[in-house]
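Okay, structure first, notes after.
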Amino acid sequence: MTDYKSEFNRALQDPAAYWAEQAQSVAWYKTPETILSKDENGNDTWFNDGELNTSYLALDFQIEQGRGEQTALIYDSPVTGSTTKFTFNELRDEVAKFAGVLDGLGVVKGDRVIIYMPMIAEAAIAMLACARIGAIHSVVFGGFAPRELATRIDDATPKVILCASCGIEFSNIIPYKPLVDEALKLSEHTVKHCVVLQRDQSLAEMTNDIDRDWRELLETAESLDPVRVLSSDPLYILYTSGTTGKPKGVVRDNGGHAVALTYSLRNIYNVEAGEVFWAASDVGWVVGHSYIVYGPLFAGCTTILFEGKPVRTPDAGTFWRVIADHGVNVFFTAPTAFRAIKKEDPAASFLKNYDVSSLRSLFVAGERTDPATYDWLCEILGIPVIDHWWQTETGWPVASVPMGLEFSEPKAGSVALPVPGFDVQILSEDGEQQVPNQEGDVVIKLPLPPGCLPTVWGDHQRYLDAYLSEHPGFYHTGDGGYVDDDGYLYIMGRTDDVINVAGHRLSTGQMEEVVAAHPAVAECAVVGVEDRDKGQVPAGLVIIKDGVNVELASLRDELVAMVRAEVGAFANFKQIVLVQRLPKTRSGKILRQVIRKIADCKPYELPATIDDPVILDEIAGALEEGNIGFIGEGGAS
Ligand code: COA
Ligand code: AMP
């Protein structure tokens, strides 16, 4: 095995030479000659003159390597009681046919296609079909409410929207089509076609002129070959929560993405062609893009698309069942899933029913792994458990134990060392380098390696403002943390208003907009407070308008219903407290971080600019009375 340190140093000293070498593992149509250059916005860009096709790399190329009859995708769905396997040949045929459907609807290279679908094989097929014809997909997580979908429709301005008639959450059937119809009414942009995959569990009414039946279109579609696209052509847009209510459209290119993911499967996850890689996430999130759909297929692995939950589908043994049934070698999921399993089955008694000996390593990310869950996993599985750190923007891991490189031991509580290509540093607010063990902003020195976002869709200034202006010369991750004396990185949480609920990234600003729209609410702040099961949950601090008489319980019910309807149930907005005032700086900025720390019973520094420090005691009292926050070891009650 190659030594981690020497790889890291090589990537640091001569990024262009290092990534030119890594790019050789990708089957380009035209090998790039320019490795690192500047794009029209003055940004670093990778492999500018390279040409390739992402769907070709994931499918046709694998078939050319003799993997045509190997299983490419396993759709395992405990909620419908079915499992379907697709070989690379079969998946390529499905994708080529669906590419023909899109083409028949007038979708051409560069057009956007929104995919609002549950965890079914057709979601992956649709993504790969877009890639095949050079269309840009934007997958929207199925838990988002119509208003959120509408925001994304207006920003991405898609020609076509693809959806299924329903999703299934545990045993609840959730009709999707009415949500899409509602979103289309709310949005200003006009979509030309809405293609609906009818599922037996609930058929959608096809009443609009733009509605098209997925299977009917397939009957007459031609199969299409992959087209050549430029390395820098966008593969997808994935919206992610920022500090304001408006999500940011993270853009991913084709070339950097292919090189980075191929590199990560080998060097970080250490899987080989023919092995089984499973990421239990959702295609609506970046983990689903990188490690359910694209990465494992680029590496010639079998990937699993799981339509179920860690518990109650049907029990807390379902993950172990999938690992045993399909011989999973490497598994990746969010810690929250294991907290749910541990809660229902603390002795891991279900594990004894399954042979999980195929499993070599377990990766967790998406949020902090609490030590109790980490220790429990190490103990019950007896394999390396790797906490690694990254974000939608980077598209692949920034820090990890690289299992494919020779590396010293992981350290509990740390996300280990930066992956080669990422020069991670810790800066103070003023941009000073922090000494070891001193907390600060976690930043990455430019250039970012291949695969990371080159811009925000349609708003390059927002990209500059959100990521590059805070610390010039560095990419601002939005996370706080420190490195220890050995250079190991510890992520302490977001320094902005992004929260992470059950592994789902949400913006408090998004929820504040909804809460503030209630007629009785004068002002509000939503903060994320620690929660034993979901990592964080939002809590609303609400000021009622003068003279308005409302009962707390009914106001809470109304606000909860509003956030469910406008953002989505997965936001888990359930707690509110009434307050007289909110702590603000003299310039009027709400001190959300201070409120969050009060709720979590953590020490906080009083900002010099606070308007009136007495309010903090009032807030603490209100939170205590409302029983909100992390109460001792046991977690929130
Ligand atoms: N579509 C529609 N609704 C959804 C949804 C989706 N895709 N995902 C979640 N919801 C709804 C749930 O049905 C639930 O609704 P309810 O309040 O009416 O019961 C609500 O949102 C809250 O969901 P959640 O926070 O997920 O809680 P839960 O109790 O339903 O499930 C877990 C708990 C732990 C099983 C679940 O959160 C989970 O699987 N987490 C892992 C997340 C993950 O993999 N993240 C990927 C990041 S790598
Ligand atoms: P997302 O863009 O949804 O992947 O969320 C990214 C954010 O999740 C990061 O900026 C972190 O705040 C958090 N995160 C991801 N992985 C970890 C981890 N291993 N430990 C702590 N926080 C994490």
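Observations
- First in region 501-513 and within 12 Å of Glu367 (Cβ to Cβ), second anywhere and within 14 Å of ligand 2 (Cβ to nearest atom) and acidic (Asp, Glu), Cβ under 6 Å, 6 or more apart: Gly503/Glu367
- Candidates Ser223, Ser264, Ser232, filtered to the one that is surrounded by fewer than 24 Cβ atoms within 10 Å (Cβ to Cβ) and either in contact with a helix residue (DSSP H, G or I) (Cβ under 6 Å, 6 or more places away or on another chain) or closer than 29 Å to Phe407 by Cα (or both): Ser223
- Subset tally (residues that are surrounded by 18 or more Cβ atoms within 10 Å (Cβ to Cβ) and within 10 Å of ligand 1 (Cβ to nearest atom)) for region 335-362: 7
- Just one of the listed residues (Ser264, Ser241) is within 16 Å of ligand 1 (Cβ to nearest atom), among the hydroxyl-bearing types (Ser, Thr, Tyr), more than 21 Å from Val113 (Cβ to Cβ) and in contact with a Lys or Arg (Cβ under 8 Å, 6 or more places away or on another chain), and it is Ser241.
- Residues that are at pLDDT 95 or above, within 16 Å of ligand 2 (Cβ to nearest atom) and surrounded by fewer than 22 Cβ atoms within 10 Å (Cβ to Cβ), drawn from region 394-424: Met403, Ser414
- Filtered residue count, region 368-385, keeping only those that are out of contact with any Lys or Arg (no Cβ under 9 Å at 6 or more places or on another chain), under 26 Å from Gly480 (Cα atoms) and among the acidic types (Asp, Glu): 1
- When region 566-608 is limited to residues that are of a type in the set (A, V, I, L, M, F, W, C) and more than 29 Å from the chain's Cα centre (by Cα), the one that is surrounded by the most Cβ atoms within 10 Å (Cβ to Cβ) turns out to be Val579.
- Scan of region 557-583 for residues that are within 12 Å of Val515 (Cα to Cα) and within 16 Å of ligand 2 (Cβ to nearest atom), ordered by number: Val567
Results for (1) modelled with pLDDT of 95 or more; (2) more than 18 Å from Thr508 (Cβ to Cβ), shown as yes or no for each residue.
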{"position": "Glu530", "(1), (2)": "no, no"}
{"position": "Gly540", "(1), (2)": "yes, no"}
{"position": "Asn549", "(1), (2)": "no, yes"}
{"position": "Ala553", "(1), (2)": "no, yes"}
{"position": "Leu559", "(1), (2)": "yes, no"}
{"position": "Met562", "(1), (2)": "yes, no"}
{"position": "Gln580", "(1), (2)": "no, yes"}
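- Unique residue being within 16 Å of ligand 1 (Cβ to nearest atom) and of a type in the set (D, E, K, R) when the list is Glu182, Glu90: Glu182
- For region 538-565, the tally of residues that are out of contact with any His (no Cβ under 7 Å at 6 or more places or on another chain) and buried (at least 21 other Cβ atoms within 10 Å of the Cβ) stands at 6.
The values are calculated or read from the model by the stated rules, or taken from the named source; none is laboratory data. Just so it is clear, the structure is predicted and the values come from calculations on it, not from any experiment. A quick note on method: Cβ atoms are made from the backbone with ideal geometry, for glycine too, and the neighbour counts reach across all protein chains shown.
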